[in-house]
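All remarks here apply to the structure that follows.
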Amino acid sequence: VSQDTDVEQPTSPDAPPQVVRPDDPHLQEAVRDPRGAERSIAVVLALGVIGVAVFGAAYVQNWRPWSLGLSLGLGLFFLGFGLTAWGKYLMPQGPFTEARHALRSSRAEREAIAAALVERTGVVVKRRRVLAGLLGSGLGIFGIVALFPLLRSLGPLPGLTLTKTNWRRGSLLVDANGRAIHRDTLVPGGIVTVFPAGFENDDQAVAVDQTVLIRAGTTDLVTEKGRATWAPAGYVAYSKLCTHAGCPVGLYEKQLRLLVCPCHQSMFNIDDGAVPEFGPAPRPLPQLPLYIDRQGFLRAQAGYDQPVGPGYYERNTT
Amino acid sequence: MSTAPVRTKRQIKAARGPYGRVGQIVNELDDRFGLARGGRVFLDKIFPDHWSFMLGEIALYSFVVLVATGIFLTLYYVPSQTVSIYHGAYAPLRGQKVTAAYASTVDLSLSVRAGLLMRQMHHWAADIFVGAIVIHMARIFFTGAFRKPRELNWTIGITLLMLSLANGFIGYSLPDDLISGTGLRIMYSIVLSIPFVGTYLAFWLFGGNYPGTVIIPRLFIIHVLILPAIIAALIGAHLALLVRQKHTQFPGKGRSEDNVVGSPMYPTFMAKTTGYLFMITAVITVLGGIAQINPIWQFGQYQADKISYAVQPDWYMGWLDGALRIMPSWEFAGWGHTIPFVVFLPAVVFPGMIFTLCYAWPAIERKFTGDNEIHHLLDRPRDRPKRTAAGAAMIALMFTLLGASATDVLANFFQVSLNEVLWTFRILVFVVPIVVGVFTWRICLEMQGGGESIGRRKRAVVMIRTETGEYRTVETEPQPDDEKEELPPIPVPVRIEVGAEGGGGDGHQSGVRVVPR
């Protein structure tokens, strides 16, 4: 017999084959009343057959999803339960044993493979260093070269796309339906999501331009030093992208005058330059400076003075 | 064995041997592939009979359900972000802007026969799959089954867990509904937060700035081809190593480092495990039929400027969401650069540390115990108090973080301030693992030495009332079953004696055929 470790041999080849009689307790069924057990299992399996058949009918008749799930589920459960009980109560119980042979080979075999690896490699590679070096450097360079274009073609380089929005000096504020926001559109306490006119249907632009406009009062609101003219007639606008993880800051607590991000509960005080009062957001929401034009429509004085949304390595705060 | 050309029927029958057609098939297969000996050994493969060995089977069989239901879903799902106006089966959605991914998911749920059942089964199976992996991993950990020689299989298992988490999250993102889209947005921000390379990785993955138009098709092919293929290959390797190295087993009568005791593959284990496959499928089917999960038609199409309240991922991502929530708002800004530690630490570094710890644990334990021996007999968790305490502390940490992912819901439900809930979790996340670890360690020490009663039936007690009105429990008389002894294990018999009447004319005495091995 060869040294074949793939095939375990529970008994030595020379040992007499194991023959047991049916009255060996290892082969006994686990129940005292096999007839009764067989009847019970038959009932369970019959229920399984009915369940699966009912599922077929339910599928053909296109009954409600719950009836499909219940009939198939119960059918499979009874089939499985019956089969498991069959295995547990009416099949040889053992316990049986199997020898566990050491996986390790003999010392000589280990040395033989180590020798083959070391010595053949030595013969092949050490004598042909130039060839091995050329092949190795070729494969190495190919690895690098293959990696870079592959990754590079998956998407553009970030460039300035993360820092720029479509808000410009004079951008007209419109809602999601393209309606311009007039100074009378919102009553105090009102809130609407706005976009620069012309970009409200561009999904890509909406993702970065989205701005929440709140009418915080009826008089000009100064949220911070140097922002004296930014919130005319109580209209204040902040980027809707949370500075934490980029969720839309979609909840407005009117009484507390807080913008709340539903994702991780960052809260921004709208009277205070949207400084985070609570939660993980590290920075205030950028504020969009507004003015009201001669017709009474809201426009942006300029774009955002900083990148909107969450932080990233290239973000330059200064 | 060479044979002359067979001509007559009698010769054909004789060539088949005493086992008729089955014997012939075996002969033909064995001629070509040499299957007989190995196949016989495989039928005799012994599976230890312990309930905790079935946990991995739950994972395996829910993967089977995932593949089956997933194939069904691919027949109807359209992986595209092309926007159109909805005209499908779901009336409230008609006239709205939808992507093909979202519309096809709604339609396969509501107008394809058994579509909703299949989709909900798929979702439930995913939740159960990850849960079963985690519980199976806990069993392996607490019983020391990862020790030499099984470190590689532990490593494969951790990798399978990570890939399952990833594929679960990706699958959850595919319907392009409002809740999953928000999760994807957070994932984008997490990738962005990685210093130096984050923006490049995010742009390569999403094909540009968020949301782009390629992420759903890319996630689709990752979800249905790339990751399932890797997972299936690793499951194959996991099981192949298990067969090669054989099962571990708990110590007990007749069990040693040199054998495996239990039920043979055929027929006992095969019957039980097939029945188990049916029952697991059944549970998932019933859940898919009656327990609604992820009703995306109620959430609506994902739009980058829309959001819903109580946004939560599937349970297995909850620990990451909880970590994100309770992290203080630290961000480094300077020299023209920003590092958002508030996202990078809890969502990238922390899970990296957790999984590195998992990968490294066998090596760590080997270093601390100096134990480089081969182990096939399992530990009882109480006998390894430090390991058990460490595992319990880790589980406590994970579930505290899972709780932290519900801060808003808890605050709402108990009518307490969100701030207090948040600070409670910030403290609990350190306190709970330490307390759980110390308690577990103490309990293990207390329980040690209580092993004499293993395998014996507990003596029943009866409560009696004395004449004075006092209640007392009294042990019952010993029963014969109390000392029930297992039989000593024997090798699976080569041949069962069938009695003289089964002998027939094949020349072997009393029906016993000698099968040399």
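The values are calculated or read from the model by the stated rules, or taken from the named source; none is laboratory data. On a predicted model such as this, the values are computed, not experimentally measured, just so you know. Cβ coordinates were reconstructed from backbone atoms using ideal geometry, including for glycine residues, and neighbour counts include every protein chain displayed. To get the accessible areas, we keep the full protein, side chains included, count just its heavy atoms, and leave off ligands, DNA and RNA. Shrake-Rupley method; radii C 1.70, N 1.55, O 1.52, S 1.80 Å.
A few remarks follow.
- Rounded to whole numbers, the Karplus 3J(HN,Hα) couplings from phi for segment A:219-224 are 10, 3, 10, 9, 7, 7 Hz, using 6.51 cos²θ - 1.76 cosθ + 1.60 with θ = phi - 60°, and x at Gly and Pro.
- Per-residue mean of C-beta atoms belonging to partner chains within 10 Å, peptide A:156-165: 4
- From helices alone, chain A scores -10500 deg cm²/dmol at 222 nm; the rule is -39500 (n - 2.57) for each run of n ≥ 4 DSSP H residues, then divide by the residue total.
- Heavy-atom accessible area with a 1.4 Å probe sorts A:R21, B:R380, B:R387, largest first, into A:R21, B:R380, B:R387.
- CD proxy at 222 nm, helix term only [per DSSP H run n ≥ 4: -39500 (n - 2.57); per residue of chain B; nearest 500]: -17500 deg cm²/dmol
- Length gained when the stretch A:T161-A:N177 is fully extended (0.36 nm per residue, less Cα-Cα span): 3.3 nm
- Whole-percent carbon and sulfur share, accessible surface of segment A:200-268, 1.4 Å: 51 percent
- Label reach from B:Q245 (point 7 Å along Cα→C-beta): in segment B:369-399, amide nitrogens under 16 Å belong to B:371-379.
- Comparing A:S239, A:A281, A:F297 along the charge dipole axis of segment A:219-306, the residue lying farthest to the positive side is A:F297, per the Cβ-charge model.
- In order along segment B:407-413, phi translates into HN-Hα couplings of 3, 5, 5, 5, 4, 5, 5 Hz, rounded to whole numbers, per the Karplus curve 6.51 cos²θ - 1.76 cosθ + 1.60 with θ = phi - 60° and x for Gly and Pro.
- The charge dipole of the protein assembly as shown, taken about the Cα centre with unit charges on the Cβ atoms of Lys, Arg (+1) and Asp, Glu (-1), comes to about 1700 debye, rounded to the nearest 20.
- Relative contact order %, chain A, counting alpha carbon pairs below 8 Å whose residues are six or more apart: 12 percent
- Using Cβ point charges alone (K and R +1, D and E -1), the dipole size of segment A:64-198 about the Cα centre works out to roughly 600 debye.
- Positive-end ranking of B:M394, B:H375, B:T285 along the dipole of segment B:248-394, with charges on Cβ about the Cα centre, is headed by B:H375.
- Residue of A:L70, A:L213, A:L157 that the Gaussian network model of chain A assigns the largest fluctuation, springs spanning Cα pairs under 10 Å: A:L70
- Peptide A:204-215 - average C-beta neighbours from other chains (10 Å radius): 3
- Cα centre as origin, Lys/Arg/Asp/Glu Cβ charges: segment A:157-262 dipole, Debye: 320 debye
- Accessible area expressed per residue, the protein assembly as shown, with surrounding protein chains retained (probe 1.4 Å, Å²): 52 Å²
- FRET efficiency for B:R459 and B:Y266, using Cβ-Cβ distance with R0 set to 41 Å, rounded to 0.05: 0.60
- Based on Cα contacts under 8 Å between residues 6+ apart, chain B shows a relative contact order of 16 percent.
- Ordering A:L256, B:V429, A:V212 by the projection of their Cα atoms onto the charge dipole of the protein assembly as shown, which places +1 on the Cβ of Lys and Arg and -1 on the Cβ of Asp and Glu, puts A:V212 at the extreme positive end.
- Note, ³J(HN,Hα) from phi for segment A:262-268, Karplus 6.51, -1.76, 1.60, rounded to Hz, x at Gly and Pro: x, 6, 10, 6, 6, 10, 10
- Protein accessible area in segment A:23-142, 1.4 Å probe - carbon and sulfur %: 66 percent
- Surface composition of segment B:281-345: carbon and sulfur make up 66 percent of the accessible area, probe 1.4 Å.
- The angle between the Cα long axis of helix B:100-110 and the longest principal axis of the Cα atoms of chain B comes to about 60 degrees, rounded to the nearest 10.
- In this structure, the amide hydrogen of A:S171, modeled 1.01 Å from its nitrogen in the peptide plane, lies closer than 5 angstrom to those of A:A300, counting only residues at least 5 positions away or on a different chain.
- Chain pair B, A: total accessible area buried, heavy atoms, 1.4 Å probe, Å²: 8900 Å²
- Measuring r between the beta carbons of B:Q479 and B:N372 and using R0 = 35 Å, the FRET efficiency lands at 0.15.
- Relative to the dominant Cα principal axis of chain B, helix B:20-33 is inclined by about 60°.
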